[in-house]
Amino acid sequence: MDKPSPSAPPARPARTPSPELQARRDVHWRKTRRLTAILLLVWLLTGFLTVFYARELLHLNLFGWPLPFYMAAQGASLVYLAIIALYAWRMRRLDRAFHAEEQT
């Protein structure tokens, strides 16, 4: 006789979400994907294009330093930290709004 293992969770019946819950989930994921795409574009512009066009950007100065040098030394790291902070802040707001709607 087979005994169920003590670590296995009990079987739960499959539930299909209501159409309005599914619509809210779709909106949530659409906003999440849009935010991710925008922040990845900022990351690409900061990390790749600044280095790729370094010669063309040498005439731009930021705090007395040429822009490509500043971005390589300081700016890119600051932009990456800002991207992480913005993502965490915005996703917290999106998730809270989604869960607040879900519980009503």
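Matching residues to (1) out of contact with any Cys (no Cβ under 9 Å at 6 or more places or on another chain); (2) loosely packed, with under 11 Cβ neighbours inside 10 Å; (3) aliphatic (A, V, I, L, M); (4) modelled with pLDDT under 85:
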position: 16; (1), (2), (3), (4): yes, yes, no, yes
position: 58; (1), (2), (3), (4): yes, no, yes, no
position: 70; (1), (2), (3), (4): yes, no, no, yes
position: 83; (1), (2), (3), (4): yes, no, yes, no
position: 88; (1), (2), (3), (4): yes, yes, yes, no
position: 94; (1), (2), (3), (4): yes, no, yes, no
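Just for the stretch 35-56: of the residues that are in contact with a helix residue (DSSP H, G or I) (Cβ under 8 Å, 6 or more places away or on another chain) and within 14 Å of residue 86 (Cα to Cα), which one is surrounded by the fewest Cβ atoms within 10 Å (Cβ to Cβ)?
It comes out as 36.
Is it the case that residue 23 is farther than 30 Å from residue 103 by Cβ, outside any loop (DSSP other than H, G, I, E, B) and either in contact with a helix residue (DSSP H, G or I) (Cβ under 9 Å, 6 or more places away or on another chain) or at pLDDT 85 or above (or both)?
Working: farther than 30 Å from residue 103 by Cβ: no; outside any loop (DSSP other than H, G, I, E, B): yes; either in contact with a helix residue (DSSP H, G or I) (Cβ under 9 Å, 6 or more places away or on another chain) or at pLDDT 85 or above (or both): yes.
Answer is no for this residue.
When residues of the stretch 58-104 are filtered for being farther than 29 Å from residue 30 by Cβ and not in a helix (DSSP H, G or I), how many remain?
Total meeting the criteria: 9.
The values are calculated or read from the model by the stated rules, or taken from the named source; none is laboratory data. Please read all numbers here as calculations on a predicted model, not as lab measurements. As a convention, Cβ positions derive from the backbone with ideal geometry for all residues, glycine included, and neighbour counts pool all protein chains shown.
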